[in-house]
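Notes to accompany the following structure.
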Amino acid sequence: MSAFGRRLLGLDPGLQRTGWGVITVSGSRLGHVASGIVSSDSSGTIAERLVQLHRGLVEVIAAHEPDEAVVEKSFVNRNPDSTLKLGLARGAVLLAPGLAGLRVTEYAPNRVKKAVVGVGHADKRQVQVMVGRLLAVASTIPSDAADALAAAICHAHYTGAGNRVDGTPTDGMSRAIAAALAREAQRR
């Protein structure tokens, strides 16, 4: 744990683009450390692409020294080939923090969206806007990185010091998210 609180690494797996984001959590305060995307070269073999994802994430972990990792779960889609490739990418994404000795927690996309936006079926743009507001980031964060940051925010929300045994937030994190949602609603 850093002097500024817990460091969480959020990850949004994808074979072409894996989003990542690092935040700090100190009580109900969140801070944006860094975020970005690790890409793989679509002209490479699956093995080469998985190595690219793994190496990129190893570099992110070494550079930002997170305390824990949070991964957004993926759901099966209708195309078996795409599902298989995404599953392989998830394996590479889960392996990097696992080998670094980090605890890895996974959340369903609907739970991540509900924790950040207040609705489980929010679209990518809503997630981007709320992540920017919650982390006080002035520029627009790419959607894959915003999804990764959202996973980290979700984890902070459900594991804060003020949570009840069932994981329901009772601390300032809920109030901070509710206030950000209210401000966003007023702007519309």
Keeping every protein chain in place, order Glu68, Glu59, Glu106 by accessible area at 1.4 Å, biggest value first, i.e. largest first. Glu59, Glu106, Glu68
Estimated inter-spin distance, Phe75 and Arg125, nm [label 7 Å along Cα→Cβ]: 2.1 nm
Classify segment 1-62 as rounded, prolate or oblate from the Cα gyration tensor: take a ≥ b ≥ c as the square roots of its eigenvalues, call it rounded if a/c is under 1.5, otherwise prolate when a/b beats b/c and oblate if not. prolate
Probe 1.4 Å, all protein chains in place: accessible area of Glu65 in Å², nearest 10? 140 Å²
If you take every residue apart from Ala150 with its C-beta less than 9 Å away from the C-beta of Ala150, what net charge results, scoring Lys and Arg +1 and Asp and Glu -1? -2
Collect residues whose amide H, placed 1.01 Å from N in the peptide plane, falls under 5 Å from the amide H of Val33; neighbours closer than 5 in sequence don't count. Val22, Ile23, Thr24
Most to least packed among 35-46, 137-148 [average Cβ atoms within 10 Å]: 137-148, 35-46
Net +/- balance of residues flanking Asp123 in space, Cβ distance below 12 Å, scoring K and R +1, D and E -1: +2
When DSSP assigns beta bridges and you keep just the ones with both residues in segment 11-140, what percent turn out antiparallel, to the nearest 5? 65 percent
Under 1.5 on a/c is rounded, so check that first for segment 24-91, then, if it is not, pick prolate when a/b is larger than b/c and oblate when it is not; a ≥ b ≥ c are the square roots of the alpha carbon gyration tensor eigenvalues. oblate
FRET E, pair Glu65, Leu95, Förster distance 22 Å, beta-carbon r, rounded to 0.05: 0.75
Once Lys and Arg are counted +1 and Asp and Glu -1 for all other residues with Cβ under 15 Å from that of Ala100, the total becomes -1
Which of rounded, prolate, oblate describes segment 1-128, given a ≥ b ≥ c as roots of the alpha-carbon gyration tensor eigenvalues and a/c under 1.5 marking rounded, otherwise prolate only if a/b is larger than b/c? oblate
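The values are calculated or read from the model by the stated rules, or taken from the named source; none is laboratory data. Note that the structure is predicted; figures quoted are calculated from it, not measured. Cβ coordinates were reconstructed from backbone atoms using ideal geometry, including for glycine residues, and neighbour counts include every protein chain displayed. Just so you know, the surface numbers come from the protein's heavy atoms only, side chains and all, with ligands and any DNA or RNA stripped out. Shrake-Rupley method; radii C 1.70, N 1.55, O 1.52, S 1.80 Å.
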